1. Could you list, in sequence order, the residues of the range 155-197 that are within 11 Å of the ligand (Cβ to nearest atom) and either open to solvent by less than 10 Å² (accessible area, probe 1.4 Å) or within 19 Å of ARG112 (Cβ to Cβ) (or both)?
2. Any residue at all in the range 405-424 that's touching a residue at least 12 places away in the same chain (Cβ under 8 Å), under 20 Å from PHE67 (Cα atoms), over 17 Å from the mean Cα position of the chain (by Cα) and open to solvent by 20 Å² or more (accessible area, probe 1.4 Å)?
3. Which members of the range 227-267 meet the condition of being assigned to a helix (DSSP H, G or I) and open to solvent by 40 Å² or more (accessible area, probe 1.4 Å)?
4. Of the residues LEU133, LEU85, only one is surrounded by 22 or more Cβ atoms within 10 Å (Cβ to Cβ) and touching a strand residue (DSSP E or B) at 6+ places or on another chain (Cβ under 8 Å); which?
5. For VAL301, state whether it is surrounded by 12 or more Cβ atoms within 10 Å (Cβ to Cβ), in contact (Cβ under 8 Å) with a residue 40 or more places away in the chain and more than 24 Å from the chain's Cα centre (by Cα).
6. Scan the range 252-275 for residues that are at negative phi, within 17 Å of the chain's Cα centre (by Cα) and in contact (Cβ under 8 Å) with a residue 40 or more places away in the chain and report the count.
7. Which ones in the range 100-130 are under 22 Å from GLU76 (Cα atoms) and among the acidic types (Asp, Glu)?
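The values are calculated or read from the model by the stated rules, or taken from the named source; none is laboratory data. Only a predicted model underlies this, so the values are computations on that prediction, with no experimental measurement involved. Every residue, glycine as well, gets a Cβ built from its backbone with ideal geometry; the counts of neighbours run over all protein chains shown. Ligands, DNA and RNA are stripped out before the accessible areas are found, and what is left, the full protein with its side chains, is counted by its heavy atoms. Shrake-Rupley method; radii C 1.70, N 1.55, O 1.52, S 1.80 Å.
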Amino acid sequence: MQKSIFTDGNTTQSFLFVSVASLMSRTPNPQHASNDSPHPLGLSYLPRHEISAWDIYLQQIERVTPFLGNLSRWVETLRRPKRVLTVDVPIHMDDGSIAHFEGFRVQHNTSRGPGKGGVRFHQDVTLPEVMALSAWMSVKNAALNLPFGGAKGGVRVDPRYLSEAELERVTRRYTSEIGVIIGPHKDIPAPDVNTNERIMSWMMDTYSVNHGTTSTGVVTGKPVALGGSLGRREATGRGVVVTAIEAAKKIALPIEKARIAIQGFGNVGSVAATLLSKAQATILAIQDHTGSIYSPEGLDVKALIDHVTNQGGVLGFEGAQVLDKDAFWDVPCDILIPAALESQITANNAARIQARLIVEGANGPTTPQADDILADRHILVVPDVIANAGGVTVSYFEWVQDFSSFFWNEDKINARLTEAMQAAFANVWQIAQDKQVSLRTAAFIVGCSRILQARSLRGLYP
Ligand code: GLU
């Protein structure tokens, strides 16, 4: 074993494990050591000249490593996805042409159980992004103590430009291509950005037809009529609200007095807005891909959902002021919920945020640099790996119900979800207090320790 030094912002941390750097010193590789790379120890198959979501995840791993004790010996496991699959997804378009789309499925870690995580359809999907999302699933599933590893999938496509038939063909071909590595005991996809119950039905059917079985447990987030779970659709937003309420208690913020700003009005943002307004909180501002709207008296969430269903976005909603898109970050509020995409709260806007509490409905919305700025400003951040874990928690319930072919009622599901989220939050809060770290680092301490404990108990083969 050798001692290696890692720097983390202003601090320098020392810890013991055999690092990539020490291995490289045994077998120098001039390609890896190239001076112009932003991450010279990175994986050879990643682009070297841009900072990606994967780089952000690696920074988060650097921050947690000093707290992993003897398990830090295994930390390199977390810096390398177990399995990465890139597939070509060719389909016939309705106009007779043939289109090809890039598809990915990454299994970051399966030490604690089968891979688990969603599939997103988005025009900006990249491999480093899917890798980061798969790694955050590993940490999330472990932080909630769900018996899963972490995985994620994506297709680089803008589904707004596909017909229903084209969308079905993309879904079925993608599912068939990743069929070699998914399965009810191997890796279980679910909805994520721009995917839904309909798409999960096609995925379940494609896998089932290819395997000659009706395999309901291969995906979660299915329609209830096809082995889906009651409460799954609302689960991520509901979990965001449960953790928001728990965190608000810690800063003596009564939820019924809270003024809320939400970025994103998809499945997560709209459900969180609905439940928070039912809890008497004021939904002050919403931003989506069409623009930002604001109402000092509070937005009528039900009417806004109808408007978005008809118009495709929040812009044009009567009874709300239109904000300059960027001015969304300046809105004075109590709770800010980023519920859209990665890297939204950055060094560029973190100093302007006027909230007391940030609850991450999205995956990876805050960069490490923004985390530092927010910590200096005493803004509490409930990290994604806890805050948005409600979806995968009810996915777990769905998977269990599918295997037992015995389905629970919605009250039981919501009660178990609330209990799981409250317990995970309380555990992470306690560790943050004990170790004097952020909630993100505390959640990573819980999640990464569980993953690496399983890794070390299983050992290496051969
Ligand atoms: N896509 C959701 C997430 O990011 C849910 C994943 C799942 O249910 O497997 O947590």
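1. ASP187, ILE188, PRO189, ALA190
2. No, there is no match, as no residue in the range 405-424 is touching a residue at least 12 places away in the same chain (Cβ under 8 Å), under 20 Å from PHE67 (Cα atoms), over 17 Å from the mean Cα position of the chain (by Cα) and open to solvent by 20 Å² or more (accessible area, probe 1.4 Å).
3. Within the range 227-267, ARG233, GLU234, ARG238, ILE245, LYS249, LYS250, GLU256, LYS257, ASN267 qualify.
4. Sole residue among the options that is surrounded by 22 or more Cβ atoms within 10 Å (Cβ to Cβ) and touching a strand residue (DSSP E or B) at 6+ places or on another chain (Cβ under 8 Å): LEU133.
5. no
6. The qualifying residues number 8.
7. GLU129
Yes or no, residue by residue, for (1) over 23 Å from PRO128 (Cα atoms); (2) more than 16 Å from the ligand (Cβ to nearest atom); (3) in a loop (DSSP other than H, G, I, E, B):
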position: ALA340; (1), (2), (3): no, no, yes
position: VAL385; (1), (2), (3): no, no, no
position: PHE406; (1), (2), (3): yes, yes, yes
position: ASP411; (1), (2), (3): yes, yes, no
position: ARG416; (1), (2), (3): yes, no, no
position: ALA420; (1), (2), (3): yes, no, no
